[in-house]
Every structure is written in C-alpha cells, then in structure tokens.
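Visitor: Let me begin by handing over the structure; questions about it come next.
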Amino acid sequence: MTQTANRDQIRKRNRSIILQTLRREGQMARIDLGRATRLSPATITAITSDMLDEGLIAGIETEEPRAAQSRGRPRSMLALNGAAASVISLRISVNWIDLALADFTGRIIFSRKYPFDTTRADAESFPDLLCSTITSFVEESGANPATVQEIGVASQGIVDRMRGEIVWSPAFSGRNIPVVDPIRTRLGARCFLTNDTNMITEALHWSEPERYSGTFAVLMVDYGVGMGLFLDGHLFVGATGAAAEIGHANHIPGGALCRCGKRGCLEAYLADYALLRQVLDLPEDTDPRSLPVNSQTFDDLYAKAKAGDAHVRAVFDGAGRALGIGLARLLAIIEPARIVLTGAGIEAFEFMEAGMHQALEEVLVEDLRRHLVIDVVEWNEDFIRRGLVAQAMRRLDENLTGQPEGISPRASLIRQGASKGI
C-alpha cells in the first residue's frame with residue numbers, strides 16, 4: 001500500500017509539474033516538455049495522454065515540420081485548454097473589492113472593481129455583500145460558473161487562514177470578518193484567504209523563480225507596512241496565516257500611535273499616515289484615522305522632497321532609519337538571500353536610502369549584513385492579482401491531479417447563489 005501511495009504521489013506531482021510548465025512556457029512539443037520538466041519520454045506520453053482525455057490540454061498541429069526525415073509533416077504541440085477551468089482573484093482594500101477571472105492558462109480574461117462602504121462593513125453585513133458581488137461578477141463575465149474552481153482572497157491587515165477570517169484590517173470597521181466559509185457554503189467553490197503582501201511574494205516567485213526563490217523577503221511600504229517571506233523555497237505564513245507582520249512589530253516601546261491601536265509599531269514610523277503626521281508636526285498620539293491620507297499621499301510628499309523641502313526630506317530620512325532597524329532584525333533572524341522593497345512609499349527611496357544604511361551599520365554587525373542584496377521594485381498593484389492567480393492555479397493543479405473523470409462541476413456559482421437568494 002505504501003508503494004502504491006508513493007507512486008500516486010509521484011504521478012500527481014509530475015502532472016502538476018507538466019501543467020505548471022505549459023502554463024509558464026506556453027505550447028510545447030512533447031520532446032521539449034520532457035527537456036523542460038526533466039521527465040522521461042514514457043512519463044510525458046502517459047500523463048499527457050490522460051490529460052488530453054480529461055480535456056485539460058489540447059493537441060495543436062503547427063506548420064513547423066518535426067524533422068527533415070518527416071518530409072514536412074506538421075509538428076504536434078501540446079497546450080493548456082483555457083476553457084477547462086477558471087479561478088477568481090479577489091482583493092479587499094479600503095472601500096474596494098477588486099475581482100479578476102483567469103482561465104486555465106492563467107490569463108486574465110475579465111476584471112472589475114466594486115466600491116463598498118468600509119465604515120459599514122462588519123462580520124454580519126460583509127459576507128452577504130461579498131458573495132453577492134462575486135455572483136454579479138461571474139454573471140457579468142459571461143463565464144460558465146461550473147468551471148470556477150478556486151477563489152483566492154487577499155486582504156490588508158491580519159488574517160487567520162485556519163478560521164478563514166480577516167482578524168483585523170483597515171478596510172473594515174469591525175473585526176473577525178468571515179470570508180472563506182460564506183464563499184464555500186453559499187457559492188460552492190474552494191477558497192483560500194491570505195494577506196496581500198504574501199501575494200506580492202508569490203507573484204515575484206512565479207515571474208522570476210531563478211531570482212526569487214530559496215529564502216527571500218518582500219517588504220511593502222504603503223498604507224501600512226507588510227512583509228511576505230519565502231523560506232527554503234516555500235511561502236511562509238505561520239500557524240494561522242498571520243506570520244511576517246513586521247509592520248506591527250514594536251519599533252519604539254510606548255512610541256507613536258499605530259492604526260492597529262498599539263503604540264510604537266514599525267508601521268507608525270513608515271506608513272503614509274505616519275509620515276504625514278510627522279510632516280504636519282502633529283503629536284505622536286494623533287489618531288491615524290483623523291489624518292487626511294489618500295492614494296496620493298506618498299506622491300505629494302515625494303514631490304515636496306524632490307522640490308527641496310528640507311523638513312519632508314528629514315522625515316523621509318527618519319523613515320529610512322526605521323526601515324533599516326526593521327531590516328536588521330529580519331537579517332539577524334532568517335538571513336534572507338535577497339530583500340525586495342516595494343509599495344507606493346518606496347517611490348521616495350532615494351530620500352530613505354542613506355538613513356536605512358546608516359541604521360543597518362549602527363545596529364547590525366558587519367558579518368550579518370555583508371551578503372545583503374536589496375532589490376527596489378517599482379510598485380504595481382497587479383502584483384497582488386498575479387500572486388493570487390499563481391497560487392490558485394497551483395492549488396487547482398493539485399486538486400485536478402489524479403481525477404480521470406475530469407473537472408468537477410460543483411462550483412456552480414450563479415446557480416447555487418440564486419438558489420440561496422444571493
């Protein structure tokens with residue numbers, strides 16, 4: 001039985017490798033697929049034959065001849081069948097629900113953003129709103145709801161993947177917002193919940209696995225301060241999904257008021273509201289909710305720094321020092337091979353860099369920082385969407401492996417949603 005189980009696991013893994021390779025590289029001949037995956041010709045032939053029968057992949061004849069001895073016969077290629085299944089990425093942020101539908105190739109085929117009132121969203125009202133929004137989205141997309149197999153949800157703040165809840169987020173007035181159970185129960189689709197910065201990490205790994213693999217960290221400076229970790233080749237989220245919340249690690253005990261309600265968090269010295277509070281010379285205990293921050297806050301502050309405003313430049317320099325101290329703790333604990341800095345706040349990195357390096361030199365011995373590599377990556381909101389799709393596709397591939405009956409039609413969103421009055 002053990003040998004049979006091991007063979008089944010190996011076959012499932014090989015199926016997943018083939019699907020991911022076709023998704024990343026596009027259509028390929030069997031011989032090229034074997035080279036890319038390092039699987040034997042017999043394994044490639046057996047597994048792709050099953051996938052063709054299941055409708056997961058399709059055979060394509062090209063005009064390119066196989067070889068000179070083939071007398072010009074078309075070359076047979078394999079490609080993913082985009083219509084075989086689909087996934088939904090869903091990002092929750094302040095006042096917005098951002099949805100995207102991707103086909104089985106991973107290509108985004110439809111997307112929409114829906115506004116909602118953050119101040120009224122709580123554990124009682126939001127699940128209904130979320131499910132009805134997803135149902136409307138699928139209807140608008142024109143997709144076959146039976147093909148929607150996975151829904152990946154990313155949120156700002158602290159999430160509990162075990163309970164499927166958003167524990168705390170600046171996007172909500174309440175706490176412990178259920179997400180996963182309502183989607184599974186009312187819409188019948190598999191669902192996973194994660195922090196948004198984790199998905200930036202996932203997107204970088206998917207797009208450049210040679211560069212972003214092994215052990216590396218992503219730190220996002222924006223409306224808050226978030227971090228994603230890859231440890232030994234895997235996304236690390238901790239026991240419940242709340243790992244790597246570096247923004248809420250204490251920076252100065254009893255210090256500036258954070259949006260989470262505690263004092264002295266790193267976020268309270270790096271996030272948009274923190275910098276604006278300092279630029280306006282307001283007391284450290286000024287409630288972040290009272291500050292006039294918006295999507296342009298970092299842009300406005302950066303423009304003032306570029307124009308030579310000495311006070312704003314000093315604020316950015318102080319933020320760089322806070323960033324350096326945060327990175328020093330990270331380096332001392334896990335020694336990442338690479339640290340990626342991104343987010344809207346990193347636009348002003350030129351005014352933060354000197355303070356960051358000075359702080360690193362002051363608080364961390366040279367032996368622990370000698371191999372430090374920092375990538376400054378221009379912020380792109382699409383990172384989160386791409387990460388959600390990549391993770392959803394990997395989960396989908398794992399769930400589809402070893403299912404000769406093909407795609408299960410259990411995720412019929414519109415039909416099940418309508419029957420429950422959504």
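Visitor: Rolling a 1.4 Å sphere over the protein heavy atoms, what is the accessible area per residue of segment 201-379, to the nearest Å²?
Guide: Accessible area per residue, segment 201-379: 44 Å².
Visitor: Just to confirm the number: angle between the C-alpha axis of helix 297-306 and the first principal axis of the chain, 0 to 90 degrees, nearest 10?
Guide: The answer is roughly 60 degrees.
Visitor: Please compute the Kirkwood hydrodynamic radius over segment 201-379, one decimal place, Å, based on all pairs of different Cα atoms.
Guide: This gives a value of 16.5 Å.
Visitor: For segment 86-188, report the accessible area per residue in Å² (1.4 Å probe, heavy atoms, rounded to an integer). If you can, show how the numbers build up before the last one.
Guide: Details: 3920 Å² over 103 residues.
Solvent-accessible surface per residue comes out at 38 Å².
Visitor: Another question, if that's okay. Before rounding to the nearest 500, sum -39500 (n - 2.57) across all DSSP H runs of length at least 4 in the chain and divide by the residue total; then give [θ] at 222 nm in deg cm²/dmol.
Guide: -12500 deg cm²/dmol
Visitor: Next up: Which peptide among 89-95, 39-45, 321-327 comes first, and what is the full order, when sorted by highest mean count of other Cβ atoms within 10 Å?
Guide: 321-327, 89-95, 39-45
Visitor: Segment 267-296 to segment 147-197: how many Å between their Cα centroids?
Guide: The distance from the Cα centre of segment 267-296 to that of segment 147-197 comes to 28 Å.
Visitor: Nearest 0.05, what FRET efficiency do Ile252 and Val167 give at R0 = 25 Å with Cβ-Cβ as r?
Guide: After rounding, the FRET efficiency stands at 0.55.
Visitor: If you don't mind, there's one more thing I want to ask. Report D for the chain in µm² per second (integer): Stokes-Einstein, Kirkwood Rh on Cα pairs, 37 °C, 0.692 mPa s. Spell out each step's value before the answer.
Guide: Numbers: Rh = 23.4 Å.
The diffusion coefficient I find is 140 µm²/s.
Visitor: Would you please report the Å³ per residue occupied by the convex hull of the alpha carbon atoms in segment 93-201? Please report the intermediate quantities before stating the final value.
Guide: Details: hull volume 10.7 nm³, N = 109.
Considering the Cα atoms of segment 93-201, their hull volume per residue is 99 Å³.
Visitor: Hey, what did the chain get for relative contact order, percent, Cα under 8 Å, at least 6 apart?
Guide: Relative contact order of the chain: 17 percent.
Visitor: Give the distance, in whole Å, between the Cα centre of segment 78-102 and the Cα centre of segment 307-370.
Guide: Taking the Cα centre of segment 307-370 as reference, the centre of segment 78-102 is 35 Å away.
Visitor: When the Karplus curve 6.51 cos²θ - 1.76 cosθ + 1.60 is applied with θ = phi - 60°, which whole-Hz ³J(HN,Hα) does each residue of segment 82-98 get, with x for Gly and Pro?
Guide: x, 7, 5, 6, 8, 10, 10, 9, 9, 10, 9, 9, 4, 6, 9, 10, 9
Visitor: Just the number, please: percent antiparallel of the DSSP beta bridges in the chain, rounded to the nearest 5.
Guide: 65 percent
Visitor: Calculate, in nm to one decimal, what Phe236 and Ala42 gain on full extension: separation in residues at 0.36 nm each, minus their alpha carbon distance.
Guide: Working: separation 194, 0.36 × 194 = 69.84 nm, distance 3.52 nm.
Between Phe236 and Ala42, full extension yields 66.3 nm more.
Visitor: Still on this structure: Could you give the length gained on full extension between Arg24 and Thr215, defined as 0.36 nm per residue of separation minus the Cα-Cα distance, in nm?
Guide: On the way: separation 191, 0.36 × 191 = 68.76 nm, distance 2.18 nm.
Taking 0.36 nm per residue and subtracting the Cα distance, the gain is 66.6 nm.
Visitor: Once fully extended, how much extra length lies between Asp32 and Val365, figured as 0.36 nm per residue of separation less the alpha-carbon to alpha-carbon distance?
Guide: Result: 115.1 nm gained on full extension.
Visitor: Next question, about the same structure. Quick one: with all protein chains in place, what share of the accessible area of the chain is carbon or sulfur, to the nearest percent (1.4 Å probe)?
Guide: Ligands and nucleic acids excluded, carbon and sulfur reach 49 percent.
Visitor: Can you list residues whose amide H is under 5 Å from Ser93's amide H, if they're 5+ apart or on another chain and H is modeled 1.01 Å from N?
Guide: Here Asp98 satisfy the definition.
Visitor: Now for a separate question. Relative contact order for segment 86-188: what is it in percent, counting Cα pairs under 8 Å that are at least 6 residues apart? Could the numbers behind the result be given before it?
Guide: Details: 177 pairs, mean separation 30.8, N = 103.
Relative contact order for segment 86-188 comes out at 30 percent.
Visitor: Could you give each residue of segment 37-52 its phi-based ³J(HN,Hα) in whole Hz, using Karplus coefficients 6.51, -1.76, 1.60 with θ = phi - 60°, and x for Gly or Pro?
Guide: 9, 6, 9, 5, x, 5, 5, 4, 4, 5, 6, 5, 5, 4, 5, 5
Visitor: How big is D for segment 322-371, in µm² s⁻¹ as a whole number, if Stokes-Einstein is applied with the Kirkwood radius of its Cα pairs at 37 °C and 0.692 mPa s?
Guide: Numbers: Rh = 11.3 Å.
In µm²/s, the coefficient is 290.
Visitor: To the nearest 10 square angstrom, what accessible area does Tyr302 show with a 1.4 Å probe?
Guide: Surface accessible to solvent at Tyr302 totals approximately 40 Å².
The values are calculated or read from the model by the stated rules, or taken from the named source; none is laboratory data. Nothing here was measured: the structure is a model prediction, and the numbers come from that model. Cβ atoms come from the backbone with ideal geometry, glycine included; neighbour counts cover every protein chain shown. The protein model used for the area step is the full one, side chains on, heavy atoms only, and it has no ligands, DNA or RNA in it. Shrake-Rupley method; radii C 1.70, N 1.55, O 1.52, S 1.80 Å.
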